[in-house]
Amino acid sequence: MAKRVILAYSGGLDTSIIVRWLTERGYEVITYTADVGQGEELTEIPDKARNAGAVEAIVEDLREEFAERYCLPTLKALALYEGKYPLSAALSRPLIAERLVYYAEKFKADYVAHGSTGKGNDQVRFELSVWALNPDIEVLAPVREWEFKSREEQVEYAKKFNIPVKATKEKPYSIDRNLWGVSIECGPLEDPWQEPPEDAYQITTSPEKAPDESEYVTVGFEKGRPVQLNGETYKSLAQLIEKLNGIGAKHGVGRIDMVENRLVGIKSREIYEAPGAVILYEAYRDLLSLTTDRFTFHYFLNHVPHEYAKLVYEGLWFTPLREALDAFTNKISELATGEVRLKLYKGSVQVVGRRSPNSLYVEELATYSEKDQFDQIAGKHFTRVWGLPLKVLGRVRRK
Ligand code: ARG
């Protein structure tokens, strides 16, 4: 009996070559393709897969699941890798791995395969996720070990097996796109000193070409979940994110240019476009500042965003740690109902207003007007007690 493998298939040249390469080595290949909001028509995928040699081609729309089960928890954690990257590509891997395992079990396949290289993070994310869900499944990654030494050799191989190679002059970039953002690397971006050429950006208008008029957007949250844009309710979180991507992109919002530490020890220069995510992060952080008490808010900011980002980046989605952090962020999101108003203008996004039925902001305490109810004598005593350690230290130092 042929060895059966479920391959994560994008429909591109690389994964099409993998289909053929595995078939040539006696595997029976079933391809798996998910719509996670990459903005591509997937109707031709099954034909492409079969043409390359697949016996079966599965295509699924996972946008809603991706938004609910992956983007939302990451938003609630305000997770940004190294303080900048909203983790779009990283987040899609455990979800795709889940489905690969599901279909491997359904079709009694002993193998799953992916098209990631041996230098990147994605191999780690795919494989750790698969093993966490089913330790008996073996993972194949042909790109890490096949014989092709250059792009030309791959193209030659593709032509030999009638795998269509796009005639159009190929862009030099490697691009990963989903609902939560676009990741772009390679080509001219490999020089970290060089400003990204305009054609590297896939979805955002450059701030210079963005409208001269600013635009306001109001995001409504219910228990930490974005549910409204400018008063309009969205049942679908994926649709809300897509809409916000469009609004932000128009104003050049959400461009990120960074050098990041990959898991395998390499520093790499990558640029990202994540207009929707960046707007939601700004909005949610601000709402939390209104509805979370000081002790909890400080603990959260100090401990959660960085830890959560690291575990997503490092392929540790299926860990009790991630679930425990979700429990934390879900707890503080219980009060995070309300609205945040933001202003978008030529690449910038600025929170300009916030309100909540659970607001902890008390005007009578904050005001400097005659409405003031704060006991200033309490302030005097508080300051004495709070400052006591410094008084004692000051005495010792002056000796
Ligand atoms: N560096 C990012 C990460 O590891 C994105 C990698 C996605 N790939 C790409 N072709 N840009 O999550």
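The values are calculated or read from the model by the stated rules, or taken from the named source; none is laboratory data. Here the structure is a predicted model, which means the values were calculated and not measured. So basically every Cβ, Gly included, is an ideal-geometry build from the backbone, and we count neighbours across all protein chains shown. Just the protein is used for accessible areas: all its heavy atoms, side chains included, with ligands, DNA and RNA removed. Shrake-Rupley method; radii C 1.70, N 1.55, O 1.52, S 1.80 Å.
Just a few scattered comments:
- Inter-site label distance for Arg285 and Leu360 at 7 Å from Cα along Cβ, in nm: 1.8 nm
- Modelled this way, with points 7 Å down the Cα-to-C-beta line, the labels at Glu41 and Asp372 are 6.7 nm from one another.
- The calculated 222 nm mean residue ellipticity attributable to helices in the chain amounts to -13000 deg cm²/dmol, summing -39500 (n - 2.57) over DSSP H runs of n ≥ 4 and dividing by all residues.
- The distance from the alpha carbon centre of the stretch 287-315 to that of the stretch 78-122 is 24 Å, rounded to a whole number.
- Ellipsoid semi-axes in whole angstrom, largest first, where each is sqrt(5λ) of the Cα gyration tensor of the chain: 46, 23, 21
- Against the empirical 2.2 N^0.38 Å (N residues), the stretch 274-335 has a Cα radius of gyration ratio of 1.16.
- Efficiency of FRET from Cβ geometry, Lys106 and Phe161, R₀ 30 Å, rounded to 0.05: 0.60
- Comparing the stretch 11-97 with the 2.2 N^0.38 Å rule of thumb, its C-alpha radius of gyration ratio is 1.31 (two decimals).
- Rounded accessible area of Ser150 (nearest 10 Å², 1.4 Å probe): 40 Å²
- Among the listed pairs Lys84/Lys209; Lys209/Lys243; Lys166/Lys267; Lys171/Lys267, those beyond 26 Å (Cα-Cα): Lys166/Lys267
- The Rg/Rh ratio of the stretch 101-154, with Rg taken over Cα atoms and Rh as the Kirkwood radius over Cα pairs, comes to 1.05.
- Residue separation of Ser236 and Asn330 scaled by 0.36 nm, minus their Cα-Cα distance, works out to 31.9 nm of gained length.
- Computed from label points 7 Å out along Cα-Cβ, the spacing between Glu24 and Glu208 is 4.6 nm.
- Applying 1/(1 + (r/R0)^6) with r as the Cβ-Cβ distance of Leu263 and Asp199 and R0 = 25 angstrom yields a FRET efficiency of 0.30.
- For Lys310, the aspartates and glutamates whose Cα falls under 16 Å of its own Cα, not counting residues fewer than eight places away in the same chain, are Glu82, Asp122, Glu260, Glu323, Asp326.
- Here Glu190 and Glu314 are evaluated by their C-beta separation; at R0 = 25 Å the FRET efficiency comes out at 0.60.
- Rg then Dmax, both in Å and based on the Cα atoms of the stretch 265-308: 14.0, 40.
- Net charge contributed by nearby residues that have their C-beta within less than 10 Å of Glu56 (K/R +1, D/E -1): +1
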